[in-house]
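The values are calculated or read from the model by the stated rules, or taken from the named source; none is laboratory data. For clarity, every value in this text was computed on a predicted model and none was experimentally measured. When we count neighbours, we look across all protein chains shown, and the Cβ atoms used for this are built from the backbone with ideal geometry, even at glycine. Accessible surface areas use protein heavy atoms only, side chains included; no ligands, DNA or RNA. Shrake-Rupley method; radii C 1.70, N 1.55, O 1.52, S 1.80 Å.
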Amino acid sequence: MRKMQDRGKRAVGRERKSPAATIVAGKLVRAEAVGKPAAAVILTAVLLAVPVIPAQAAPTGPGAVPEPEEYSAETLAGLQDNRIEYDEIPDLVHAYNPDISKAWDTYMDSREDFAGMVTELESQYRTVKQMADGYVSAGKLMGSPMLVATGRQLDKTYLGVVQGIRDTVNEWETNRQATSALRRAERQVVAGTQSAMIGYETIRQNIATLETMVQLYEQQAEMAARQAALGMATDNNLASINSSLLGARAQLAALRDQQESVRRTLCMLLGYDPDLDPEICPIPEFDLSRLDGMDLEKDTVKAIGNNQTLIAQRTSAKGNTNDQTAARSRMIEEGDEKLTIEMQRLYQDVQDKKAAYEAAKTGLEAAELNRAASERQYQLGLMSQVQYVGTQISFYQKKGEKESANLSLLQAMENYDWGVLGFAAVSD
């Protein structure tokens, strides 16, 4: 079973915290330093100058809270098994990446503080109400409309503050503004983790291909050596085969070293203990229907609207002089142009990778037909063993090319989609 932090129970049984501090007249006052009645009185004294607190933002979508109730039983079980699947990466990063999950825990702890504040203020409303009614009664007795208005405003404003904080708590899960930076960081980790898993899968497939190729080259080398001893093959032919064999062995050794490094990185990004060796599942074949949703013109508009670098430029100070205003306008225009060029590059990369994938797929189909034909010819004695092994080598080369093209297309598509979401680089 997977060794990980017990994030599925983060909110279950958690002790509710009291507010750590209260803002009073612009100063931070520790909660333990203010008794409950005193806290209500102090708050009352400054309420008339305090606007109603708007609801704060909270996570949705990729930033949904990683609580058990957020997932179906089947999905939660999938996240907690000892298997890493490509389509689970967003949820795994959110719930188990050490940095991201800690950030969300901290954010949700703040919600607990706000909820405790609501409870405390609600419990003190009677004190505030009595004070407000006292102002109203005194104002009526003294014939002072100002005092009456002060009492009524006090009651109204106090209730407004309480409701504002209550809304903050209730809308913690739906408002996105306050968590935008955290969600951006999470998405960047997701993108990096996807690339790591694609890289791992590429290495794994190449290793499988090379292992087969080494075996076939070894067979070729043995047969070539026997033929050379009989004068049926040249030394150059034998040297060429041995060179291919040594090259394949060297590549295989290097890839195995890389595989372990990438594996450990991928495990740590998803909160797994690398030493427990979780199963990293193969990445499914790329879904070509994803290409149907590409619309460069519309996607570029979305990318410009989502890109944080360009957002910062558009929201920068306009300047106090005509030159400053003109410089800002040029900066914004150049930023949009650079991102437009980058989106065109990402789009073209997808198209190029698609063409390469289709060519590799066609090449593999032809190799499969040739392989089947060579099987029949070899069984009938119409093809030598050397020729037969050569067709096997050709088939596995084409198979490896097709697998590599599939993953390259997937990575290009992911890069494009992340660009639309605002993560395309804007060069200086």
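Might you let me know whether region 327-340 holds any residue that is open to solvent by less than 60 Å² (accessible area, probe 1.4 Å), without any contact (Cβ under 8 Å) to a residue 24 or more places away in the chain and either in contact with a strand residue (DSSP E or B) (Cβ under 7 Å, 6 or more places away or on another chain) or among the charged types (D, E, K, R) (or both)? So far as region 327-340 goes, yes, one or more of its residues are open to solvent by less than 60 Å² (accessible area, probe 1.4 Å), without any contact (Cβ under 8 Å) to a residue 24 or more places away in the chain and either in contact with a strand residue (DSSP E or B) (Cβ under 7 Å, 6 or more places away or on another chain) or among the charged types (D, E, K, R) (or both). The set of residues from region 189-245 being touching a Lys or Arg at 6+ places or on another chain (Cβ under 7 Å) and not β-branched (Val, Ile, Thr) comprises just one member, TYR200.
In summary, ARG256 fulfils each of the numbered conditions (1) in a loop (DSSP other than H, G, I, E, B); (2) open to solvent by 60 Å² or more (accessible area, probe 1.4 Å); (3) modelled with pLDDT under 95 with the single exception of condition (1).
Return the residues of region 109-139 that are of a type in the set (S, T, N, Q), more than 36 Å from the chain's Cα centre (by Cα) and farther than 13 Å from LEU159 by Cα; say none if nothing qualifies. GLN130, SER137 - these are the residues of region 109-139 that are of a type in the set (S, T, N, Q), more than 36 Å from the chain's Cα centre (by Cα) and farther than 13 Å from LEU159 by Cα.
Going through ASN320, ASN370 one at a time, which residue ends up being loosely packed, with under 12 Cβ neighbours inside 10 Å, out of contact with any strand residue (DSSP E or B) (no Cβ under 7 Å at 6 or more places or on another chain) and farther than 26 Å from ALA181 by Cα? Show your work before the answer.
Details: ASN370 fails: loosely packed, with under 12 Cβ neighbours inside 10 Å.
After applying the criteria, what remains is ASN320.
For the residues ALA138, ALA181, ALA185, the requirement of being under 30 Å from TYR416 (Cβ atoms), surrounded by fewer than 17 Cβ atoms within 10 Å (Cβ to Cβ) and free of Cβ contacts under 8 Å to residues at least 60 places away in the same chain singles out ALA181.
Taking the criterion of being outside any helix (DSSP H, G or I) and under 16 Å from MET413 (Cα atoms), the residues of region 290-335 that qualify are MET294, ASP295. Only one entry in THR168, THR119, THR193 is modelled with pLDDT under 80 and of a type in the set (S, T, N, Q), namely THR168.
Output the residue which, of all residues in region 269-287 that are part of a helix (DSSP H, G or I) and free of Cβ contacts under 8 Å to residues at least 24 places away in the same chain, is most open to solvent (accessible area, probe 1.4 Å). Within region 269-287, the match that is most open to solvent (accessible area, probe 1.4 Å) is ASP275.
Of the candidates GLY143, GLY151, the single residue that is over 26 Å from the mean Cα position of the chain (by Cα) and at positive phi is GLY143.
Exactly one residue among ARG314, ARG290 is of a type in the set (Lys, Arg), under 25 Å from VAL93 (Cα atoms) and open to solvent by 70 Å² or more (accessible area, probe 1.4 Å), and that residue is ARG290. Can you pull out every residue in region 84-106 that is in contact (Cβ under 8 Å) with a residue 60 or more places away in the chain, among the hydroxyl-bearing types (Ser, Thr, Tyr) and surrounded by fewer than 18 Cβ atoms within 10 Å (Cβ to Cβ)? Across region 84-106, the qualifying residue is only TYR86.
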